[in-house]
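One structure is given below, encoded as structure tokens.
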Amino acid sequence: HRRIRTLTADVREVCAYCREAGLLHVLNHPFQSFRWQKPLEAYLEDVLGLFTHVEGLNGCVPSAQNRAVSALCARAASEGRRLVQVGGSDAHTVGRVGSAYTEARAESAREFLDEIRAGRCSVGGRVFSTAALLADVYRNIWTYHARLCTGRGEAGSPAAYAVDAAVATACLPATLGGLPAAIVLGNQARQNAVSRCVLSALGSLDWGRLRLPAEA
């Protein structure tokens, strides 16, 4: 972990180190931050050149994004390129932990990771609705405010507690005005739009034009 922390400025260096060290590494929610910063073909060249495993089932992203990743994995397989799907809940609350998961037959943690590395695994679980995600967001917000009001905030000193309370109070009008909901709904809408575009583009993608390194 200490070594990887020194490499985080460049994902290529991180992946190279993981390959050299024999570490399983996975690209989570591949299209969540994709906003057409580059052509889809160039982005897929990067993804397929660096990763053999991607998150195909994420419990907290729109279903369209999971479908887009699954479609990418299926297209890669049809072209003879291995792209293994794993699953994860992406839980930010205790109640969501394990809602989506990766399943493999193993007797130990090491065997479990080896099975995933070899692609002998499957994904399962469910994706939570936008309404459920909003409920989690507001539940966390009000829990945080309640802890501040009872003097049990997360700060380690009275001065830090005062700063936390002041910032939370200043943000309260925006919270009551629906800013968290606007952020969540806007992000969900963007991810849905991008995922639908990716799904459409994958159908007409000329795979032969992708410049991909030979698989290890």
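The values are calculated or read from the model by the stated rules, or taken from the named source; none is laboratory data. All of these numbers come straight from a predicted model, not from anything done at the bench. Every residue, glycine as well, gets a Cβ built from its backbone with ideal geometry; the counts of neighbours run over all protein chains shown. SASA here: full protein model, heavy atoms, side chains in, ligands and nucleic acids out. Shrake-Rupley method; radii C 1.70, N 1.55, O 1.52, S 1.80 Å.
Val61 satisfies every condition listed in (1) crowded, with 20+ Cβ neighbours inside 10 Å; (2) touching a Phe, Trp or Tyr at 6+ places or on another chain (Cβ under 8 Å); (3) at pLDDT below 95 except (2).
Which residue, of Gly125, Gly178, is within 30 Å of Ser63 (Cβ to Cβ), free of Cβ contacts under 8 Å to residues at least 12 places away in the same chain and open to solvent by less than 60 Å² (accessible area, probe 1.4 Å)? Just a single option satisfies the conditions, and that option is Gly178. Listed conditions (1) under 30 Å from Glu20 (Cβ atoms); (2) among the hydrophobic types (A, V, I, L, M, F, W, C); (3) exposed (fewer than 13 other Cβ atoms within 10 Å of the Cβ) are all met by Trp36, apart from (1). Contact map, segment 1-28: first residue at positive phi, second residue open to solvent by 70 Å² or more (accessible area, probe 1.4 Å), Cβ cut-off under 9 Å, separation 6 or more or different chains; pairs are Gly22/Arg117.
Just checking, does segment 139-162 include any residue being open to solvent by 50 Å² or more (accessible area, probe 1.4 Å), more than 26 Å from Gln85 (Cα to Cα), touching a residue at least 24 places away in the same chain (Cβ under 8 Å) and of a type in the set (Lys, Arg)? Within segment 139-162 (the criterion being open to solvent by 50 Å² or more (accessible area, probe 1.4 Å), more than 26 Å from Gln85 (Cα to Cα), touching a residue at least 24 places away in the same chain (Cβ under 8 Å) and of a type in the set (Lys, Arg)), the answer is yes, since at least one residue qualifies. Taken together, the residues in segment 55-113 that are farther than 18 Å from Ser195 by Cα, of a type outside the set (A, V, I, L, M, F, W, C) and not in a loop (DSSP other than H, G, I, E, B) amount to 9. Among the residues here, Val127 qualifies as of a type in the set (Val, Ile, Thr) and closer than 16 Å to Gln188 by Cβ.
Annotation: of all residues in segment 65-75 being within 13 Å of Phe34 (Cβ to Cβ) and more than 11 Å from the chain's Cα centre (by Cα), the one that is surrounded by the fewest Cβ atoms within 10 Å (Cβ to Cβ) is Leu72. Could you tell me whether any residue of segment 182-203 is more than 21 Å from Arg67 (Cβ to Cβ), open to solvent by 50 Å² or more (accessible area, probe 1.4 Å) and of a type outside the set (Val, Ile, Thr)? Yes, segment 182-203 contains a residue that is more than 21 Å from Arg67 (Cβ to Cβ), open to solvent by 50 Å² or more (accessible area, probe 1.4 Å) and of a type outside the set (Val, Ile, Thr). Among the residues of segment 76-122, those that are buried (at least 17 other Cβ atoms within 10 Å of the Cβ) and of a type in the set (D, E, K, R) comprise Asp90, Arg96, Arg117.
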